[in-house]
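Participant: Please see the structure below; I have some questions.
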Amino acid sequence: MSDFIGLPFRVLPNPRAGTPGTVVLTEAGFRRARDGIAAWAGYAPTPLVDLPWAAALAGVDTVRIKDESGRFGLGSFKALGGAWAVAQVLVAELARRGMGNAVSLPALEAGHHAEATRAITVTCATDGNHGRSVAWGAQRFGCGCVIFVHETVSQGRVEAIARYGAEVRRVPGTYDEAVRAAARAAEANGWFVVSDTSWPGYTGVPVDVMQGYRLMANEAVAQWEGAAPTHCFVQGGVGGLAAAVSVHLRTRIAPAPKLVVVEPERAACLLASAEAGAPVAVGGDLDTLMAGLACGEPSLLAWRELGRSAAAFMAVPDAAAVACLRLLARHG
């Protein structure tokens with residue numbers, strides 16, 4: 001643990017933890033996502049890996065990590081949400097076009113509606129992970145896809161998205177500028193935004209994204225053995241994944257583990273929102289090695305959950321991510 005000594009971590013206990021609020025994600029919506037994704041060709045739960053050496057270093061009984069690296073071959077911790085939401089957009093749009101209840105996910109995957117889906121385009125902004133899932137879902141279900149990335153997204157991440165047949169457009173500025181560029185392009189071209197962040201007037205699709213994310217937490221709970229977990233550390237970003245995990249743990253484990261949302265110190269919009277007591281944006285270039293978390297504005301839906309349920313918010317420097325990668329690598 002000496003690699004971490006002296007690093008400037010910030011931890012903010014959430015003063016509003018435990019306050020009542022509205023239901024962000026329904027159980028019926030989760031069951032639909034769980035059953036739908038489980039029926040996809042190639043689906044298998046990803047492992048919850050025991051790290052006894054990490055527990056020993058930290059002086060606790062158990063440390064386990066959810067390993068999403070093998071999910072559908074995407075190498076992304078967001079593989080489930082975007083693709084599930086793409087499928088829901090297509091089912092709803094084909095129904096709106098008069099195909100009614102004949103549209104099903106197996107039929108989409110089998111290409112039975114290929115002519116119709118080819119005329120539909122989905123779009124989103126990404127730091128790399130969500131866009132990869134959306135592009136993969138678009139390829140799997142046969143629709144067009146345009147992904148917007150900001151100027152500091154690596155070429156490797158761009159190529160990983162383009163591998164699934166998506167057109168990738170780079171725009172100046174930060175992730176949040178890319179979100180706005182995708183929304184403008186969708187409005188101008190009649191495309192469908194499949195975003196994992198939400199804002200006033202745009203919440204339906206992000207709910208589907210978050211319900212897809214919940215399946216990761218569901219798998220983790222199913223694999224957990226021994227005494228119930230006391231704490232769960234989950235990455236921040238706009239907060240959609242963290243909020244999905246929060247909802248699921250609260251409904252499956254009693255008492256729920258204390259949820260700690262972790263962000264890069266240069267893009268800690270959720271911690272800043274907790275300090276302010278309301279969603280706020282953080283400025284600057286958001287330049288962090290934790291590129292998938294370089295987000296300056298919280299998701300509205302995510303904040304509704306995390307603002308009342310997260311036990312704490314934590315900001316860590318890039319050096320901590322590097323030290324952790326090296327530590328994990330040393331242990332295989």
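Participant: Going residue by residue through segment 128-136, is there one that turns out to be out of contact with any Pro (no Cβ under 7 Å at 6 or more places or on another chain), more than 22 Å from Trp199 (Cα to Cα) and part of a loop (DSSP other than H, G, I, E, B)?
Facilitator: Checked against the condition, which is being out of contact with any Pro (no Cβ under 7 Å at 6 or more places or on another chain), more than 22 Å from Trp199 (Cα to Cα) and part of a loop (DSSP other than H, G, I, E, B), segment 128-136 yields no hits at all.
Participant: Go through segment 92-115 and give me each residue that's of a type outside the set (Val, Ile, Thr) and either closer than 23 Å to Ser76 by Cα or crowded, with 18+ Cβ neighbours inside 10 Å (or both).
Facilitator: Glu93, Leu94, Leu105, Leu108, Glu109, His113
Participant: How many of the residues in segment 16-37 are of a type outside the set (S, T, N, Q) and free of Cβ contacts under 8 Å to residues at least 60 places away in the same chain?
Facilitator: Result for segment 16-37: 4.
Participant: Filter segment 55-81 down to the residues that are aliphatic (A, V, I, L, M) and touching a residue at least 12 places away in the same chain (Cβ under 8 Å), then identify the one that is nearest to His231 (Cα to Cα).
Facilitator: Val63
Participant: Among the residues of segment 39-53, how many are touching a residue at least 60 places away in the same chain (Cβ under 8 Å) and in contact with a helix residue (DSSP H, G or I) (Cβ under 8 Å, 6 or more places away or on another chain)?
Facilitator: 7
Participant: Here is a further query. Pull up segment 280-325, narrow it to residues that are over 18 Å from the mean Cα position of the chain (by Cα) and not aliphatic (A, V, I, L, M), then point me to the one that is surrounded by the most Cβ atoms within 10 Å (Cβ to Cβ).
Facilitator: Filtering segment 280-325 for residues that are over 18 Å from the mean Cα position of the chain (by Cα) and not aliphatic (A, V, I, L, M), the one surrounded by the most Cβ atoms within 10 Å (Cβ to Cβ) comes out as Pro317.
Participant: Which of the residues spanning segment 92-118 are touching a residue at least 24 places away in the same chain (Cβ under 8 Å), part of a loop (DSSP other than H, G, I, E, B) and in contact with a helix residue (DSSP H, G or I) (Cβ under 9 Å, 6 or more places away or on another chain)?
Facilitator: Within segment 92-118, Gly111, His113 meet the criteria.
The numbers here are math on the coordinates, done by the rules we state, and not lab data. None of the values given here were measured: they were computed from a predicted structure. All Cβ positions, glycine included, derive from the backbone under ideal geometry; neighbour counts span all protein chains shown.
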